[in-house]
Amino acid sequence: MSTQVMEAQSAAPEAPSSSGGRVQGGLLDPKQLFRSLPGAVRKLDPRTMWRNPVMFIVEIGAVWSTVLAVAEPSWFAWLIVAWLWLTVIFANLAEAVAEGRGKAQADALRRAKTDTMARRLTGWKPGSAAEEEAVPAPRLRQGDHVVVEAGQIIPGDGDVVEGIASVDESAITGESAPVIRESGGDRSAVTGGTKVLSDRIVVKITQKPGESFIDKMIALVEGANRQKTPNEIALNILLASLTIIFVMAVATLQPLAIFSKANQPGVPDSLSLNAHGVTGIVMVSLLVCLIPTTIGALLSAIGIAGMDRLVQRNVLAMSGRAVEAAGDVDTLLLDKTGTITLGNRQAAEFTPVDGVTEQRLADAAQLSSLADETPEGRSIVVFAKTEYGLRERTPGELAHATWIEFTAQTRMSGVDLAEGSEGRSLRKGAATAVMKWVRDNGGHPTDEVGHIVDGISAGGGTPLVVGEVVYEEQGTTAHVLGVIHLKDVVKAGMRERFDEMRAMGIRTVMITGDNPLTAKAIADEAGVDDFLAEAKPEDKMALIKKEQEGGKLVAMTGDGTNDAPALAQADVGVAMNTGTSAAKEAGNMVDLDSNPTKLIEIVEIGKQLLITRGALTTFSIANDIAKYFAIIPAMFAVVYPGLDRLNVMRLHSPQSAILSAVIFNAIVIVALIPLALRGVKYRPSSASKLLSRNLYLYGVGGIVAPFVGIKIIDLLIQFLPGMS
């Protein structure tokens, strides 16, 4: 489906910056709780509830308790019924809030798009004219060709097959800066709903009707296509098994209660125990408090929130399984250029030959680079300015100057400065090209230059030689002034990030087309564990399969058609949005910002998802212990006085003890919703340290918190009717 985005910035969330190991999940707006309440109530439909076995049991218990309260009404019974229903609603509220955040983003996309008309070309072939017809964009089919000119909206997802244009993709990425899209390269993919700002392109439609990129964005952030991951399914099975065990355990208490009451007929009946055994209301309360309702209520919200955190960073995960796999990754394959390094070689040092000062070499290097518009040339100009205090000059400032632009054929740039019969020429470029130029002008480069060039090359750098020819009345002299050291600049903080990955047990591998010597130098500087030099697409695939055969999960990024097989093979394949359609189809994630370094953030988000789920599962099971000490003594202390020793909280009465436990069971769900959505604080460390920390914090905390909470609630409700 084609779309026109009218308010680009509102359509896609901005990617927040990463902050010191903390993977942010966004704050919970309290108003969102109230906005999500209607959705939580609608989820009470049993056809929805059965998908969550634990909470389905709680709903059945709430229904049964309601029937019992109607048959034998009392303050105690109705208070229990009310809080049982609130427990179910609070569980639904957690999922509704998580879904609501995604639906808000989807609504922004829907409001921001309108249908547009496409200019379809009939019988188009490269280099030939074709008839043009106007058709509604939804009628476009795969393989159709459309022409789009400046000011027009691209009607559907596809690849540029002719032309080059500047495109505004802010509707998708949130970035206002336009990007270049052209035919024949890895930057040929365009997205429906984006706007052509200049020139003219012909686009081959690759989407099926109703399956555009924006349609997929809406479905993903809305959760319409979300399926439970294997880990979620396994945990649900475990929780359902625990629930069945607790149902059987609670059921066996009834014969014991009937026998005990029959043997002690003098014990008066109470709201919790009578001649028929434990009352139905109390049986349901015991079951609800003992089964793992906390994690059962929050499990779905944790998964949805994990995908939401990726969307906030402009990453679309095609499935929750991909997010989980990111958290279990063992090996990261990272392209050197643009991921580990800045992408362009930059000037790092000026090395003069004997008899030449660094200042003179810097001046000559800057002058000879003014006509070089390559990133390397601009870096030389900037380096001379910042390190040697040379003001950046413009070609127009120098009289009688002839500027020599850099070309791939000459591999040099420079300037000819003439003043009458005298003057000088400067050249900067590849070592062989400049030294040949010096020789052609009568000069003789010394062995010293060769040693400097070889030393820079051996260290993984790129040497550029600066030469000078001086024209005087006495004659011409030519010589080499020195060598410029260009190096791949490793991004700031990369070594620390790789140290964090290593602490988590993740192996990092740098992929590069450089020779092994250069690759090793950069790998050592960046701090990666290993590298693959002179890598071809088939080498990537072979490395991925080798790692997977060893039982490891592999993550990688890619943007070209040649990366598609490897992206499909990897357990986590992150395709760049600027890449080809084939790459985006092969990967299971798409980075809208096309930032390869974000793969590290994706792994951290995946680990945070798994840690959050594990922590809240630990807390849920641990806090059942306090409920034993609250409910069991309340039920049987009258027939077994010795059980009163278990009433360590000294609760007011059996009725207040049971109600306090039920209230705490419901309130803790709401209290943990922000944590489920935001995620547990993540610190890079080994699995054993994470396990120890979570057991200490959420295991011990899960035991202590209910004792305190239930006691406080008991003190507050002891004055209510029916609590004596």
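The values are calculated or read from the model by the stated rules, or taken from the named source; none is laboratory data. Note that the structure is a prediction, hence the values are computed from the model and not measured. Cβ sites come from the backbone with ideal geometry, for glycine too, and all protein chains shown count toward neighbours. Just so you know, the surface numbers come from the protein's heavy atoms only, side chains and all, with ligands and any DNA or RNA stripped out. Shrake-Rupley method; radii C 1.70, N 1.55, O 1.52, S 1.80 Å.
Looking at 180, 164, just one residue is modelled with pLDDT under 85, in contact with a Lys or Arg (Cβ under 9 Å, 6 or more places away or on another chain) and assigned to a strand (DSSP E or B), and that residue is 180. Can residue 660 be described as modelled with pLDDT under 85 and open to solvent by less than 70 Å² (accessible area, probe 1.4 Å)? It is false that residue 660 is modelled with pLDDT under 85 and open to solvent by less than 70 Å² (accessible area, probe 1.4 Å).
Residues in region 663-685 that are at pLDDT 85 or above and not in a helix (DSSP H, G or I): 679, 680.
Scanning region 312-353 for residues that are touching a helix residue (DSSP H, G or I) at 6+ places or on another chain (Cβ under 7 Å) and within 22 Å of residue 390 (Cβ to Cβ) yields 344, 345, 346, 347, 350, 351, 352, 353. Considering each residue of region 563-574 in turn, at least one proves to be open to solvent by 10 Å² or more (accessible area, probe 1.4 Å), in the same structural domain as residue 496 (by the TED database) and closer than 22 Å to residue 183 by Cβ. Where residues in region 58-90 are assigned to a helix (DSSP H, G or I) and small (Gly, Ala, Ser), which of them is nearest to residue 247 (Cα to Cα)? Step by step, filter region 58-90, then rank; the result is 61.
Restricting to region 407-433, name every residue that is open to solvent by 80 Å² or more (accessible area, probe 1.4 Å), touching a strand residue (DSSP E or B) at 6+ places or on another chain (Cβ under 9 Å) and over 14 Å from residue 483 (Cα atoms). If the condition is that a residue be open to solvent by 80 Å² or more (accessible area, probe 1.4 Å), touching a strand residue (DSSP E or B) at 6+ places or on another chain (Cβ under 9 Å) and over 14 Å from residue 483 (Cα atoms), then 411, 421, 422 are the ones that fit. For region 598-617, check the following and say yes or no: at least one residue is open to solvent by 10 Å² or more (accessible area, probe 1.4 Å), over 18 Å from the mean Cα position of the chain (by Cα) and closer than 24 Å to residue 668 by Cα. Yes, that holds for at least one residue. Among the residues of region 504-524, those identified as touching a Gly at 6+ places or on another chain (Cβ under 8 Å) and open to solvent by 20 Å² or more (accessible area, probe 1.4 Å) are 514, 517, 520, 521. Filtering region 482-503 to residues that are open to solvent by 10 Å² or more (accessible area, probe 1.4 Å), in contact with a Ser or Thr (Cβ under 7 Å, 6 or more places away or on another chain) and of a type in the set (A, V, I, L, M) leaves 489, 490, 503. Does residue 354 satisfy being modelled with pLDDT under 90 and under 41 Å from the mean Cα position of the chain (by Cα)? No, not satisfied. Is region 142-158 home to any residue that is without any contact (Cβ under 8 Å) to a residue 60 or more places away in the chain, open to solvent by 60 Å² or more (accessible area, probe 1.4 Å) and not assigned by the TED database to the domain that holds residue 190? No, region 142-158 contains no residue that is without any contact (Cβ under 8 Å) to a residue 60 or more places away in the chain, open to solvent by 60 Å² or more (accessible area, probe 1.4 Å) and not assigned by the TED database to the domain that holds residue 190.
Exactly one residue out of 505, 461 is in contact (Cβ under 8 Å) with a residue 24 or more places away in the chain and closer than 23 Å to residue 366 by Cβ: that is 461. Only one of the numbered conditions (1) assigned to a helix (DSSP H, G or I); (2) at pLDDT 50 or above; (3) within 28 Å of the chain's Cα centre (by Cα) is violated by residue 55, and that is (3). Would you confirm, using the coordinates I've provided, whether residue 391 is touching a strand residue (DSSP E or B) at 6+ places or on another chain (Cβ under 6 Å) and of a type in the set (Lys, Arg)? Judged against the criteria, residue 391 is not a match. For region 183-227, taking the residues that are among the aliphatic types (A, V, I, L, M), out of contact with any strand residue (DSSP E or B) (no Cβ under 7 Å at 6 or more places or on another chain) and buried (at least 21 other Cβ atoms within 10 Å of the Cβ), the one that is modelled with the highest pLDDT is identified as 218.
Screening the candidates 331, 337 for the property of being among the polar types (S, T, N, Q), in contact with a strand residue (DSSP E or B) (Cβ under 6 Å, 6 or more places away or on another chain) and open to solvent by 10 Å² or more (accessible area, probe 1.4 Å) yields one hit, 337. Among the residues of region 434-466, which ones are touching a Leu at 6+ places or on another chain (Cβ under 7 Å) and either open to solvent by less than 30 Å² (accessible area, probe 1.4 Å) or under 19 Å from residue 423 (Cα atoms) (or both)? Matches in region 434-466: 460, 461, 464, 466.
Cβ-Cβ contacts under 6 Å between residues 6 or more apart (or on different chains), taken from a first residue in region 55-79 that is assigned by the TED database to the domain that holds residue 280 to a second residue that is open to solvent by 80 Å² or more (accessible area, probe 1.4 Å), are listed as 56/50; 69/78. Given the condition assigned to a strand (DSSP E or B), farther than 26 Å from residue 337 by Cα, of a type outside the set (Gly, Ala, Ser) and at pLDDT 90 or above, answer yes or no: does some residue in region 425-445 qualify? So far as region 425-445 goes, yes, one or more of its residues are assigned to a strand (DSSP E or B), farther than 26 Å from residue 337 by Cα, of a type outside the set (Gly, Ala, Ser) and at pLDDT 90 or above.
One line per residue, one yes/no per condition, for (1) more than 41 Å from the chain's Cα centre (by Cα); (2) among the hydrophobic types (A, V, I, L, M, F, W, C):
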| position | (1), (2) |
| --- | --- |
| 360 | yes, no |
| 381 | no, yes |
| 385 | no, no |
| 388 | yes, no |
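Would region 228-244 turn up any residue that is part of a helix (DSSP H, G or I), under 30 Å from residue 73 (Cα atoms) and either among the β-branched types (Val, Ile, Thr) or modelled with pLDDT of 75 or more (or both)? The answer is yes, given that some residue of region 228-244 is part of a helix (DSSP H, G or I), under 30 Å from residue 73 (Cα atoms) and either among the β-branched types (Val, Ile, Thr) or modelled with pLDDT of 75 or more (or both). Of the residues screened, residue 692 is not one that is under 21 Å from the mean Cα position of the chain (by Cα) and open to solvent by 20 Å² or more (accessible area, probe 1.4 Å).
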